[in-house]
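Asks: Before we start, here is the structure in question, set down as structure tokens.
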């Protein structure tokens, strides 16, 4: 919203006048009847407010209780129900896999394209390269892994 | 500037314990605890909202909304600050959001700030020299208070009627203490200016 309150303006502030305002605020209502700030202070002590409705607190309390969400179930009960549901799902999944697994595997194998004849040698070469790299890394590593961290 | 305003009164241990006991009773669902809380702080909430929105029906709705929010989020209350300040903050933010929704400026003064436009807006037919009476002057001052922007009205009410220290008002409104002092100073000067053309008062 554009109406941000203006920040404190030191130049527009008159300390002596502020003190006069504060004296009027602290003074009893009947004091200095002719003083402008005394009247202002009195008017501010008795502002025209609309009256608080009778039974307001009881009404609000009733509404608050009516709108309160139901208490959550006990944690142990939630955990038990969650575990039971998980087990039921796992058992159902296992039975389904046993009954239909073979058919699904066959269908997947049929759906996949057959690998080209060059794919096997290339795969083997790649595996050999990875293995050799790992072996070289092992040889170059210090013998005692934990000894290097000591001290 | 020296701070002649009331210092922030440190909360006593008894106050803090009373706040905490009330909050715990409400959270535990003790019968009548929330109603007791509302009864204790309904005056403050009403003052804040009424000064901000100046509409009895809206004030009632918004005060209810504020306390329902208090009830819903009371578990988030941390006892470092007084419960009064926390509830006042909720009431202020509910009323402020209401004004924002209705695009009512919160703090824009209707005039340049010298108080003359405020004095003029109160009524030209009021001749204090001819028939001075304190009650009439108060009536005109009340009319002038009503023409102040919502923020200034609320700050004046919290400071003068509820007698809250500036520090607590700052905690409720999120404004800097210097900003609040500036608002109080300028608003009171504007209000006095309502009387000046008639009686030439000097503070």
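Asks: Rank by packing, highest mean first: peptides A:48-55, B:69-76, B:48-55, A:94-101, with packing defined as the count of other Cβ atoms within 10 Å averaged across residues.
Replies: Working: A:48-55: 12.8, B:69-76: 15.0, B:48-55: 23.6, A:94-101: 10.4.
Highest to lowest by the protection proxy: B:48-55, B:69-76, A:48-55, A:94-101.
Asks: What is the pair-distance distribution P(r) of the range B:13-80, computed from all Cα-Cα distances in 5 Å bins starting at 0, with each bin given as a whole percent?
Replies: For the range B:13-80, the binned pair fractions read 3, 16, 24, 23, 16, 10, 6, 1 percent.
Asks: Take residue A:88 and residue A:126, extend 7 Å from each Cα along the Cα→Cβ direction, and tell me the distance between the two endpoints in nm.
Replies: Result for the modelled spin labels: 4.4 nm.
We did not get these values from a lab; they are worked out from the coordinates using the rules stated. Source: prediction; values computed, not measured. Here Cβ is always computed from backbone atoms with ideal geometry, including for glycine, and neighbour counts include all displayed protein chains.
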